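Notes follow the structure.
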Amino acid sequence: MITPDIRYAMDGIYPAAVATCSADGIPNVATISQVWYVDDRHVALSRQFFNKTKANLENNPNAIVRVIGMQGRMWEMRVRFLRTETSGSTFEQMALKLNAIASYMGMEEVFRLVGADIYEVLHVHECTEYWDGVDPA
Amino acid sequence: MDIYTNHIQRLLDGPAQTVGYLGTRDEQCQASITFVLGFGLKSDPLRVTAYLPEAALGNTARNLKTSDYATLLIVNAGTFEGVQVKGHASLGPGDTAGESFLKMNLKRMMEFYDMEFYKEVRTAPLMAVELTVKEIYNQTPGDKAGERLQLEEGGV
């Protein structure tokens, strides 16, 4: 389900975003520092600040993630929140990468991984609405 | 009141390119995201407009009929500084000002990222989603991320 092109976009230069919805029907969007490939059907999102996202997921585990690759190609993933990991291989690898991102951006004091939120990927599609008919390669 | 819009203007004027994500939801409370490349600030500081081609609306039009309460995250891709505004949204046709905003942002994107590819971005027919802002939140990474800001003193 998660192709090499999508994995490439997950390392994109644009901030990815996750959208959730509260129990009372108010949508929320948050940027994500990392969308981490776990396996073909699972991704992990870096949990750093995400207070509203976390609150929304407790009532409604469904979310949408959008990633944008280097060439502007975009993918949308419909996902379902499963759990938060605060140790283990995925968490440790994400923490290392986040440290690298923070160092690059000069934000070592700001970026700190609180958890790796694991999501099941339910559906993926490429969003071509801005570039339909244009070969981005 | 103008401090809050000044902050959005600072995002738009900042290094790199400013991108946005428009969030809406359907009747099952399933959220949707729409990518936004054009923004407009009008003389009324409580109105923020997202400009996007009709083809990029996705579920937005249908969702706004279910619930017109939407959210717009505006973030500078270079600094990750951002704000999220929430409020009642209306969908209508874009205008020449919106086309100018969108093309200006695309030009900055091409210059900053050296991406000639973006010359091919579709901009027409242009649509406008105007939010009447009721809430604003700090989305800049840090201890204050997610903090609700007062509209009257919304500097971050």
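The values are calculated or read from the model by the stated rules, or taken from the named source; none is laboratory data. Keep in mind that this is a model prediction, so the values were computed, not measured. Every residue, glycine among them, receives a Cβ derived from its backbone with ideal geometry; neighbour counts consider all protein chains shown.
See the values below:
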{"item": "Flag for residue A:89 being more than 11 Å from chain B (Cβ to nearest Cβ), closer than 17 Å to residue A:38 by Cα, surrounded by fewer than 17 Cβ atoms within 10 Å (Cβ to Cβ) and of a type in the set (Gly, Ala, Ser)", "result": "yes"}
{"item": "The one condition in (1) under 15 Å from residue A:27 (Cβ atoms); (2) modelled with pLDDT of 95 or more; (3) not hydroxyl-bearing (Ser, Thr, Tyr) that residue A:88 fails to fulfil", "result": "(1)"}
{"item": "Selected residue (criterion: farthest from residue A:119 (Cα to Cα)) from residues of segment A:58-81 that are outside any strand (DSSP E or B) and within 8 Å of chain B (Cβ to nearest Cβ)", "result": "A:71"}
{"item": "Subset of segment B:45-55 (residues that are surrounded by fewer than 24 Cβ atoms within 10 Å (Cβ to Cβ) and touching a Ser or Thr at 6+ places or on another chain (Cβ under 7 Å))", "result": "B:45, B:46, B:47, B:53"}
{"item": "Filter result (in a loop (DSSP other than H, G, I, E, B) and either touching a residue at least 24 places away in the same chain (Cβ under 8 Å) or of a type in the set (S, T, N, Q) (or both)) within segment A:26-43", "result": "A:33, A:34, A:40, A:41"}
{"item": "Within segment B:11-44, tally of residues that are polar (S, T, N, Q) and crowded, with 20+ Cβ neighbours inside 10 Å", "result": "5"}
{"item": "Of all residues making up segment B:31-72, the number that are among the polar types (S, T, N, Q), over 14 Å from the mean Cα position of the chain (by Cα) and over 21 Å from residue A:53 (Cα atoms)", "result": "2"}
{"item": "Which numbered condition residue A:1 misses (of (1) part of a strand (DSSP E or B); (2) touching an Asp or Glu at 6+ places or on another chain (Cβ under 8 Å); (3) more than 10 Å from chain B (Cβ to nearest Cβ))", "result": "(1)"}
{"item": "Flag if residue A:104 is assigned to a helix (DSSP H, G or I) and either at negative phi or within 14 Å of the chain's Cα centre (by Cα) (or both)", "result": "yes"}
{"item": "Pairs where the first residue, in segment B:65-90, is surrounded by fewer than 18 Cβ atoms within 10 Å (Cβ to Cβ) and the second is among the charged types (D, E, K, R), C-beta under 8 Å, 6+ apart", "result": "B:66/B:25; B:66/B:26; B:66/B:27; B:88/B:68; B:88/B:134; B:90/B:68; B:90/B:130"}
{"item": "Criterion (touching a residue at least 24 places away in the same chain (Cβ under 8 Å), surrounded by fewer than 24 Cβ atoms within 10 Å (Cβ to Cβ), among the small types (Gly, Ala, Ser) and in a loop (DSSP other than H, G, I, E, B)) met by exactly one of A:55, A:23", "result": "A:23"}
{"item": "Residue match in segment B:51-62 (condition: β-branched (Val, Ile, Thr), outside any strand (DSSP E or B), more than 9 Å from every other protein chain (Cβ to nearest Cβ) and in contact (Cβ under 8 Å) with a residue 24 or more places away in the chain)", "result": "yes"}
{"item": "Hits in segment A:47-69 (condition: out of contact with any Leu (no Cβ under 9 Å at 6 or more places or on another chain) and farther than 22 Å from residue A:93 by Cα)", "result": "A:51, A:52, A:55, A:56, A:57, A:58, A:59, A:60, A:64"}
{"item": "Output for segment A:54-70, where each listed residue is under 19 Å from residue B:145 (Cβ atoms) and hydrophobic (A, V, I, L, M, F, W, C)", "result": "A:55, A:57, A:63, A:65"}
{"item": "Every residue from segment A:39-52 that is more than 8 Å from chain B (Cβ to nearest Cβ) and crowded, with 20+ Cβ neighbours inside 10 Å", "result": "A:43, A:44, A:45, A:46, A:47"}
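Residue-wise test of (1) assigned to a helix (DSSP H, G or I); (2) of a type outside the set (A, V, I, L, M, F, W, C).
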site	(1), (2)
B:72	no, no
B:92	no, yes
B:100	yes, yes
B:103	yes, yes
B:130	no, yes
B:133	no, no
B:137	no, yes
B:142	no, yes
